[in-house]
1. Give me the net charge of D:GLU39's neighbourhood, meaning all other residues with Cβ under 12 Å from the Cβ of D:GLU39; Lys, Arg count +1, Asp, Glu -1.
2. Could you check how much of the accessible area of the protein assembly as shown is carbon and sulfur, as a whole percent, using a 1.4 Å probe?
3. In whole angstrom, how far apart do the alpha carbon centroids of the range D:39-70 and the range B:2-25 sit?
4. Going by accessible area, probe 1.4 Å, with all protein chains left in place, what is the ranking of E:GLU8, A:GLU24, D:GLU10, largest first?
5. Can you give the convex hull volume of the alpha carbon atoms of chain F per residue, in Å³?
6. Could you point to the residue in D:ALA35, D:ILE60, D:ASN25 farthest towards the positive end of chain D's charge dipole, with +1 and -1 charges on the Cβ of Lys/Arg and Asp/Glu respectively?
7. Once the label point is placed 7 Å from Cα along Cβ, list for D:VAL63 the distances to the corresponding points in the other copies, in nm, shortest first.
8. Treating only the Cβ atoms of Lys and Arg (+1) and Asp and Glu (-1) as charged, compute the dipole magnitude of the range E:2-69 about its Cα centre; round to the nearest 20 debye.
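The values are calculated or read from the model by the stated rules, or taken from the named source; none is laboratory data. All values reported here derive from a predicted model rather than from experimental measurement. Glycine gets a Cβ as well: all are built from the backbone with ideal geometry, and neighbour counts include every protein chain shown. Note: areas computed on protein heavy atoms with side chains; ligands, DNA, RNA excluded. Shrake-Rupley method; radii C 1.70, N 1.55, O 1.52, S 1.80 Å.
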Amino acid sequence: QISQELAIANATELVNKVTENCFETCMKTPYAEGNDSCVDSCLAKYMRSWNSISRAYIQRIQQSPDKNA
Amino acid sequence: QISQELAIANATELVNKVTENCFETCMKTPYAEGNDSCVDSCLAKYMRSWNSISRAYIQRIQQSPDKNA
Amino acid sequence: QISQELAIANATELVNKVTENCFETCMKTPYAEGNDSCVDSCLAKYMRSWNSISRAYIQRIQQSPDKNA
Amino acid sequence: KDIMNFLEVENSKQKVQMSIHQFTNMCFKQCITNATNPELSAGEEQCLNNCVNRFLDTNIRIVKGLQNIQ
Amino acid sequence: KDIMNFLEVENSKQKVQMSIHQFTNMCFKQCITNATNPELSAGEEQCLNNCVNRFLDTNIRIVKGLQNIQ
Amino acid sequence: KDIMNFLEVENSKQKVQMSIHQFTNMCFKQCITNATNPELSAGEEQCLNNCVNRFLDTNIRIVKGLQNIQ
(Lines give C-alpha, C1' and ligand atoms only; values in the text may rest on other atoms or scores of the structure.)
Protein backbone atom coordinates (compact mmCIF):
# COMPACT_ATOMS: atom_id res chain seq x y z
CA GLN A 1 0.00 0.00 0.00
CA ILE A 2 2.84 2.36 0.78
CA SER A 3 4.40 1.79 -2.62
CA GLN A 4 1.02 2.47 -4.18
CA GLU A 5 0.56 5.72 -2.28
CA LEU A 6 4.01 6.83 -3.37
CA ALA A 7 3.18 5.94 -6.97
CA ILE A 8 0.07 8.10 -6.76
CA ALA A 9 2.05 10.97 -5.20
CA ASN A 10 4.55 10.68 -8.05
CA ALA A 11 1.89 10.61 -10.74
CA THR A 12 0.14 13.64 -9.23
CA GLU A 13 3.41 15.58 -9.04
CA LEU A 14 4.14 14.69 -12.67
CA VAL A 15 0.69 15.78 -13.89
CA ASN A 16 0.96 19.08 -11.99
CA LYS A 17 4.45 19.91 -13.25
CA VAL A 18 3.73 18.99 -16.88
CA THR A 19 0.49 20.97 -16.81
CA GLU A 20 2.22 24.06 -15.42
CA ASN A 21 5.12 23.89 -17.86
CA CYS A 22 3.05 23.11 -20.95
CA PHE A 23 0.45 25.74 -20.06
CA GLU A 24 3.30 28.26 -19.88
CA THR A 25 4.89 27.03 -23.11
CA CYS A 26 1.75 26.60 -25.21
CA MET A 27 -0.80 29.17 -24.04
CA LYS A 28 -0.23 32.88 -24.52
CA THR A 29 -2.15 35.77 -22.92
CA PRO A 30 -4.93 36.66 -23.49
CA TYR A 31 -5.34 32.89 -23.85
CA ALA A 32 -8.14 33.06 -26.39
CA GLU A 33 -7.52 29.75 -28.15
CA GLY A 34 -6.44 26.30 -27.11
CA ASN A 35 -3.47 24.58 -28.67
CA ASP A 36 -3.79 20.80 -28.36
CA SER A 37 -1.01 19.92 -30.78
CA CYS A 38 1.46 22.06 -28.84
CA VAL A 39 0.36 20.41 -25.58
CA ASP A 40 0.82 16.92 -27.05
CA SER A 41 4.26 17.79 -28.33
CA CYS A 42 5.17 19.47 -25.04
CA LEU A 43 4.12 16.41 -23.03
CA ALA A 44 6.28 14.17 -25.22
CA LYS A 45 9.19 16.57 -24.81
CA TYR A 46 8.69 16.76 -21.05
CA MET A 47 8.76 12.97 -20.73
CA ARG A 48 11.95 12.81 -22.81
CA SER A 49 13.48 15.49 -20.60
CA TRP A 50 12.45 13.54 -17.52
CA ASN A 51 14.18 10.43 -18.85
CA SER A 52 17.28 12.32 -19.88
CA ILE A 53 17.55 13.99 -16.47
CA SER A 54 16.96 10.71 -14.63
CA ARG A 55 19.87 9.14 -16.50
CA ALA A 56 22.15 12.11 -15.80
CA TYR A 57 21.23 12.22 -12.11
CA ILE A 58 21.54 8.48 -11.50
CA GLN A 59 24.87 8.42 -13.33
CA ARG A 60 26.06 11.23 -11.10
CA ILE A 61 24.88 9.52 -7.89
CA GLN A 62 26.65 6.31 -8.88
CA GLN A 63 29.92 8.11 -9.63
CA SER A 64 30.00 9.75 -6.21
CA PRO A 65 27.54 8.25 -3.76
CA ASP A 66 28.47 10.78 -1.07
CA LYS A 67 27.88 13.73 -3.31
CA ASN A 68 24.22 13.44 -4.25
CA ALA A 69 21.82 16.19 -3.20
CA GLN B 1 -13.85 22.40 14.42
CA ILE B 2 -12.63 20.90 11.17
CA SER B 3 -14.60 23.43 9.12
CA GLN B 4 -13.08 26.16 11.25
CA GLU B 5 -9.55 24.91 10.72
CA LEU B 6 -10.13 24.78 6.98
CA ALA B 7 -11.53 28.32 7.08
CA ILE B 8 -8.34 29.47 8.83
CA ALA B 9 -6.17 27.61 6.30
CA ASN B 10 -8.09 29.33 3.50
CA ALA B 11 -7.81 32.77 5.04
CA THR B 12 -4.06 32.30 5.61
CA GLU B 13 -3.54 31.17 2.02
CA LEU B 14 -5.52 34.18 0.78
CA VAL B 15 -3.54 36.65 2.90
CA ASN B 16 -0.24 35.14 1.73
CA LYS B 17 -1.14 35.15 -1.96
CA VAL B 18 -2.60 38.68 -1.94
CA THR B 19 0.42 39.99 -0.04
CA GLU B 20 2.86 38.42 -2.51
CA ASN B 21 0.99 39.62 -5.59
CA CYS B 22 0.32 43.14 -4.32
CA PHE B 23 3.87 43.53 -3.05
CA GLU B 24 5.06 42.61 -6.54
CA THR B 25 2.56 44.90 -8.24
CA CYS B 26 2.85 47.93 -5.94
CA MET B 27 6.40 48.04 -4.59
CA LYS B 28 9.38 48.65 -6.85
CA THR B 29 13.06 48.16 -6.06
CA PRO B 30 14.79 49.81 -4.24
CA TYR B 31 11.47 49.89 -2.33
CA ALA B 32 12.09 53.26 -0.70
CA GLU B 33 8.47 54.32 -0.25
CA GLY B 34 5.24 52.58 0.66
CA ASN B 35 2.17 52.81 -1.53
CA ASP B 36 -0.97 52.21 0.49
CA SER B 37 -3.42 53.40 -2.14
CA CYS B 38 -1.99 50.92 -4.65
CA VAL B 39 -2.22 48.11 -2.09
CA ASP B 40 -5.87 48.94 -1.33
CA SER B 41 -6.73 48.99 -5.01
CA CYS B 42 -4.75 45.79 -5.61
CA LEU B 43 -6.58 43.97 -2.81
CA ALA B 44 -9.95 45.01 -4.26
CA LYS B 45 -8.82 43.82 -7.69
CA TYR B 46 -7.52 40.53 -6.32
CA MET B 47 -10.84 39.81 -4.60
CA ARG B 48 -12.73 40.57 -7.82
CA SER B 49 -10.36 38.27 -9.70
CA TRP B 50 -10.94 35.55 -7.10
CA ASN B 51 -14.70 35.85 -7.57
CA SER B 52 -14.45 35.90 -11.33
CA ILE B 53 -12.23 32.82 -11.37
CA SER B 54 -14.45 30.97 -8.89
CA ARG B 55 -17.43 31.50 -11.18
CA ALA B 56 -15.49 30.36 -14.26
CA TYR B 57 -14.12 27.28 -12.50
CA ILE B 58 -17.40 26.20 -10.93
CA GLN B 59 -19.20 26.71 -14.25
CA ARG B 60 -16.59 24.51 -15.90
CA ILE B 61 -16.86 21.78 -13.24
CA GLN B 62 -20.64 21.71 -13.59
CA GLN B 63 -20.48 21.41 -17.38
CA SER B 64 -18.19 18.41 -17.20
CA PRO B 65 -17.97 16.90 -13.73
CA ASP B 66 -15.43 14.33 -14.86
CA LYS B 67 -13.12 16.90 -16.31
CA ASN B 68 -12.16 19.07 -13.35
CA ALA B 69 -8.54 19.24 -12.27
CA GLN C 1 14.89 16.41 20.28
CA ILE C 2 12.29 18.84 19.00
CA SER C 3 14.82 21.69 18.95
CA GLN C 4 17.18 19.44 17.04
CA GLU C 5 14.55 18.53 14.45
CA LEU C 6 13.75 22.19 13.95
CA ALA C 7 17.47 22.95 13.57
CA ILE C 8 17.70 20.30 10.86
CA ALA C 9 14.58 21.66 9.12
CA ASN C 10 16.15 25.12 9.20
CA ALA C 11 19.51 23.95 7.86
CA THR C 12 17.79 22.02 5.04
CA GLU C 13 15.69 25.05 4.11
CA LEU C 14 18.82 27.22 4.10
CA VAL C 15 20.79 24.80 1.90
CA ASN C 16 17.88 24.55 -0.57
CA LYS C 17 17.33 28.29 -0.83
CA VAL C 18 21.04 29.16 -1.16
CA THR C 19 21.51 26.46 -3.79
CA GLU C 20 18.55 27.71 -5.84
CA ASN C 21 19.59 31.36 -5.66
CA CYS C 22 23.29 30.80 -6.29
CA PHE C 23 22.61 28.38 -9.14
CA GLU C 24 20.44 31.09 -10.71
CA THR C 25 23.04 33.81 -10.07
CA CYS C 26 26.18 31.89 -11.02
CA MET C 27 25.26 29.38 -13.72
CA LYS C 28 24.13 30.48 -17.16
CA THR C 29 22.47 28.39 -19.85
CA PRO C 30 23.69 26.26 -21.54
CA TYR C 31 25.51 25.66 -18.25
CA ALA C 32 28.67 24.29 -19.82
CA GLU C 33 31.13 25.28 -17.09
CA GLY C 34 31.03 25.42 -13.31
CA ASN C 35 31.88 28.56 -11.40
CA ASP C 36 33.04 27.75 -7.87
CA SER C 37 34.38 31.19 -7.04
CA CYS C 38 31.02 32.75 -7.88
CA VAL C 39 29.24 30.15 -5.72
CA ASP C 40 31.56 30.86 -2.77
CA SER C 41 31.02 34.57 -3.09
CA CYS C 42 27.27 34.09 -3.53
CA LEU C 43 27.05 31.96 -0.37
CA ALA C 44 28.90 34.62 1.63
CA LYS C 45 26.59 37.27 0.24
CA TYR C 46 23.49 35.20 0.98
CA MET C 47 24.55 34.71 4.61
CA ARG C 48 25.16 38.46 4.98
CA SER C 49 21.72 39.12 3.46
CA TRP C 50 20.18 36.64 5.89
CA ASN C 51 21.78 38.45 8.84
CA SER C 52 20.80 41.85 7.54
CA ILE C 53 17.20 40.77 7.01
CA SER C 54 17.03 39.08 10.43
CA ARG C 55 18.09 42.33 12.07
CA ALA C 56 15.56 44.37 10.07
CA TYR C 57 12.73 41.93 10.77
CA ILE C 58 13.42 41.55 14.49
CA GLN C 59 13.75 45.32 14.86
CA ARG C 60 10.37 45.69 13.18
CA ILE C 61 8.71 43.06 15.36
CA GLN C 62 10.04 44.72 18.51
CA GLN C 63 8.80 48.16 17.45
CA SER C 64 5.26 46.91 16.93
CA PRO C 65 4.67 43.48 18.42
CA ASP C 66 1.11 43.37 17.11
CA LYS C 67 2.14 44.17 13.57
CA ASN C 68 4.42 41.29 12.65
CA ALA C 69 3.44 39.00 9.79
CA LYS D 1 -20.80 6.85 8.21
CA ASP D 2 -22.16 10.39 8.55
CA ILE D 3 -18.79 11.54 9.80
CA MET D 4 -16.99 9.91 6.86
CA ASN D 5 -19.45 11.58 4.54
CA PHE D 6 -18.94 14.94 6.20
CA LEU D 7 -15.16 14.60 5.96
CA GLU D 8 -15.34 13.67 2.31
CA VAL D 9 -17.53 16.63 1.42
CA GLU D 10 -15.27 18.98 3.40
CA ASN D 11 -12.24 17.50 1.72
CA SER D 12 -13.53 18.01 -1.80
CA LYS D 13 -14.76 21.52 -0.97
CA GLN D 14 -11.28 22.28 0.33
CA LYS D 15 -9.67 20.96 -2.87
CA VAL D 16 -11.86 23.24 -4.98
CA GLN D 17 -10.94 26.18 -2.74
CA MET D 18 -7.22 25.42 -3.01
CA SER D 19 -7.50 25.14 -6.81
CA ILE D 20 -9.17 28.55 -6.89
CA HIS D 21 -6.30 29.97 -4.80
CA GLN D 22 -3.80 28.49 -7.24
CA PHE D 23 -5.65 29.72 -10.36
CA THR D 24 -6.19 33.23 -8.98
CA ASN D 25 -2.52 33.53 -8.02
CA MET D 26 -1.38 32.32 -11.46
CA CYS D 27 -3.89 34.19 -13.62
CA PHE D 28 -3.67 37.46 -11.65
CA LYS D 29 0.07 37.52 -12.42
CA GLN D 30 -0.63 36.94 -16.10
CA CYS D 31 -3.69 39.11 -16.70
CA ILE D 32 -3.42 42.05 -14.27
CA THR D 33 -0.59 44.43 -15.03
CA ASN D 34 -1.57 47.49 -13.04
CA ALA D 35 -3.62 47.96 -9.93
CA THR D 36 -4.32 51.67 -10.06
CA ASN D 37 -7.96 50.92 -10.83
CA PRO D 38 -9.69 48.56 -8.35
CA GLU D 39 -12.23 47.50 -11.00
CA LEU D 40 -11.54 44.71 -13.49
CA SER D 41 -11.65 45.88 -17.10
CA ALA D 42 -13.63 43.78 -19.58
CA GLY D 43 -10.33 42.66 -21.12
CA GLU D 44 -8.90 41.61 -17.77
CA GLU D 45 -12.05 39.68 -16.87
CA GLN D 46 -11.96 37.89 -20.22
CA CYS D 47 -8.27 37.09 -19.76
CA LEU D 48 -8.91 35.58 -16.30
CA ASN D 49 -11.75 33.48 -17.68
CA ASN D 50 -9.65 32.24 -20.61
CA CYS D 51 -6.70 31.60 -18.32
CA VAL D 52 -8.66 29.17 -16.11
CA ASN D 53 -10.26 27.44 -19.06
CA ARG D 54 -7.03 27.02 -21.03
CA PHE D 55 -5.27 25.74 -17.90
CA LEU D 56 -8.00 23.14 -17.39
CA ASP D 57 -7.86 22.21 -21.09
CA THR D 58 -4.11 21.66 -20.73
CA ASN D 59 -4.59 19.61 -17.58
CA ILE D 60 -7.21 17.35 -19.18
CA ARG D 61 -5.11 16.87 -22.31
CA ILE D 62 -2.03 15.95 -20.23
CA VAL D 63 -3.94 13.43 -18.10
CA LYS D 64 -5.33 11.77 -21.24
CA GLY D 65 -1.92 11.78 -22.88
CA LEU D 66 -0.30 10.13 -19.86
CA GLN D 67 -3.03 7.49 -19.73
CA ASN D 68 -2.31 6.64 -23.38
CA ILE D 69 1.38 6.19 -22.63
CA GLN D 70 0.77 3.57 -19.96
CA LYS E 1 2.29 23.20 31.47
CA ASP E 2 6.03 23.74 31.10
CA ILE E 3 6.04 21.44 28.11
CA MET E 4 3.16 23.33 26.47
CA ASN E 5 5.02 26.54 27.10
CA PHE E 6 8.24 25.16 25.65
CA LEU E 7 6.39 23.95 22.53
CA GLU E 8 4.72 27.30 22.05
CA VAL E 9 8.00 29.22 22.32
CA GLU E 10 9.70 26.78 19.92
CA ASN E 11 6.81 27.09 17.52
CA SER E 12 6.89 30.88 17.39
CA LYS E 13 10.70 30.89 17.10
CA GLN E 14 10.34 28.50 14.17
CA LYS E 15 7.76 30.75 12.50
CA VAL E 16 10.11 33.72 12.75
CA GLN E 17 12.95 31.61 11.27
CA MET E 18 10.75 30.46 8.38
CA SER E 19 9.68 34.04 7.69
CA ILE E 20 13.34 35.08 7.57
CA HIS E 21 14.01 32.24 5.08
CA GLN E 22 11.13 33.46 2.92
CA PHE E 23 12.17 37.13 3.08
CA THR E 24 15.83 36.42 2.36
CA ASN E 25 14.92 34.25 -0.62
CA MET E 26 12.56 36.91 -2.01
CA CYS E 27 14.66 40.01 -1.30
CA PHE E 28 17.97 38.44 -2.41
CA LYS E 29 16.39 37.82 -5.84
CA GLN E 30 15.22 41.45 -5.99
CA CYS E 31 18.20 43.31 -4.54
CA ILE E 32 21.29 41.27 -5.40
CA THR E 33 22.12 41.22 -9.07
CA ASN E 34 25.70 40.03 -9.04
CA ALA E 35 27.67 37.90 -6.65
CA THR E 36 31.23 38.67 -7.76
CA ASN E 37 31.77 40.62 -4.53
CA PRO E 38 30.95 38.69 -1.32
CA GLU E 39 30.32 41.95 0.58
CA LEU E 40 26.97 43.72 0.54
CA SER E 41 27.16 47.25 -0.88
CA ALA E 42 25.43 50.03 1.06
CA GLY E 43 22.78 50.16 -1.68
CA GLU E 44 22.14 46.42 -1.51
CA GLU E 45 21.86 46.52 2.29
CA GLN E 46 19.39 49.41 2.08
CA CYS E 47 17.38 47.58 -0.58
CA LEU E 48 17.14 44.44 1.59
CA ASN E 49 16.03 46.51 4.57
CA ASN E 50 13.40 48.35 2.53
CA CYS E 51 12.26 45.10 0.92
CA VAL E 52 11.40 43.49 4.30
CA ASN E 53 9.74 46.61 5.61
CA ARG E 54 7.64 47.25 2.50
CA PHE E 55 6.61 43.57 2.45
CA LEU E 56 5.48 43.79 6.07
CA ASP E 57 3.66 47.09 5.34
CA THR E 58 1.82 45.35 2.50
CA ASN E 59 0.97 42.37 4.69
CA ILE E 60 -0.44 44.55 7.49
CA ARG E 61 -2.45 46.65 5.05
CA ILE E 62 -3.93 43.53 3.41
CA VAL E 63 -4.89 41.96 6.74
CA LYS E 64 -6.62 45.19 7.82
CA GLY E 65 -8.33 45.50 4.45
CA LEU E 66 -9.68 41.95 4.64
CA GLN E 67 -10.93 42.52 8.19
CA ASN E 68 -12.88 45.55 6.96
CA ILE E 69 -14.51 43.50 4.21
CA GLN E 70 -15.95 40.98 6.65
CA LYS F 1 13.58 -5.06 10.93
CA ASP F 2 12.52 -6.06 7.41
CA ILE F 3 9.74 -3.51 7.56
CA MET F 4 12.13 -0.76 8.68
CA ASN F 5 14.43 -1.73 5.87
CA PHE F 6 11.60 -1.68 3.34
CA LEU F 7 10.47 1.75 4.55
CA GLU F 8 13.98 3.13 4.34
CA VAL F 9 14.51 1.87 0.78
CA GLU F 10 11.11 3.24 -0.28
CA ASN F 11 11.90 6.54 1.39
CA SER F 12 15.20 7.01 -0.40
CA LYS F 13 13.70 5.91 -3.72
CA GLN F 14 11.00 8.51 -3.20
CA LYS F 15 13.57 11.23 -2.46
CA VAL F 16 15.38 10.46 -5.71
CA GLN F 17 12.07 10.60 -7.60
CA MET F 18 11.15 13.94 -6.02
CA SER F 19 14.59 15.34 -6.89
CA ILE F 20 14.07 14.26 -10.51
CA HIS F 21 10.68 16.03 -10.51
CA GLN F 22 12.34 19.19 -9.20
CA PHE F 23 15.25 19.06 -11.67
CA THR F 24 13.03 18.34 -14.68
CA ASN F 25 10.71 21.21 -13.77
CA MET F 26 13.64 23.62 -13.31
CA CYS F 27 15.77 22.54 -16.28
CA PHE F 28 12.84 22.22 -18.71
CA LYS F 29 12.04 25.90 -18.06
CA GLN F 30 15.68 26.84 -18.71
CA CYS F 31 16.56 24.62 -21.65
CA ILE F 32 13.36 24.11 -23.64
CA THR F 33 12.08 27.22 -25.35
CA ASN F 34 9.65 25.80 -27.86
CA ALA F 35 7.62 22.64 -27.95
CA THR F 36 6.67 22.47 -31.61
CA ASN F 37 9.00 19.50 -32.04
CA PRO F 38 8.40 16.61 -29.61
CA GLU F 39 12.01 15.40 -29.98
CA LEU F 40 14.86 16.82 -27.92
CA SER F 41 17.55 18.46 -30.03
CA ALA F 42 21.18 17.55 -29.25
CA GLY F 43 21.63 21.05 -27.82
CA GLU F 44 18.59 20.72 -25.56
CA GLU F 45 19.72 17.32 -24.30
CA GLN F 46 23.18 18.70 -23.54
CA CYS F 47 21.67 21.69 -21.76
CA LEU F 48 19.49 19.42 -19.56
CA ASN F 49 22.51 17.28 -18.70
CA ASN F 50 24.64 20.31 -17.83
CA CYS F 51 21.78 21.87 -15.88
CA VAL F 52 21.50 18.88 -13.49
CA ASN F 53 25.25 18.58 -13.09
CA ARG F 54 25.85 22.29 -12.45
CA PHE F 55 22.95 22.31 -9.96
CA LEU F 56 24.49 19.38 -8.08
CA ASP F 57 27.93 21.06 -8.19
CA THR F 58 26.38 24.17 -6.66
CA ASN F 59 24.60 22.12 -4.00
CA ILE F 60 27.76 20.28 -2.99
CA ARG F 61 29.81 23.48 -2.88
CA ILE F 62 27.17 25.20 -0.70
CA VAL F 63 26.99 22.29 1.75
CA LYS F 64 30.79 22.26 2.10
CA GLY F 65 30.88 26.02 2.47
CA LEU F 66 28.28 25.96 5.24
CA GLN F 67 30.15 23.18 7.05
CA ASN F 68 33.29 25.33 7.00
CA ILE F 69 31.41 28.26 8.53
CA GLN F 70 30.33 26.26 11.58
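1. Net charge in that neighbourhood comes out at 0.
2. Details: 11750 of 23400 Å².
It is 50 percent, rounded to a whole number.
3. 23
4. Order by accessible area, largest first: E:GLU8, A:GLU24, D:GLU10.
5. Per residue, the Cα convex hull of chain F comes to 122 Å³.
6. D:ILE60
7. 3.7, 3.8
8. 340
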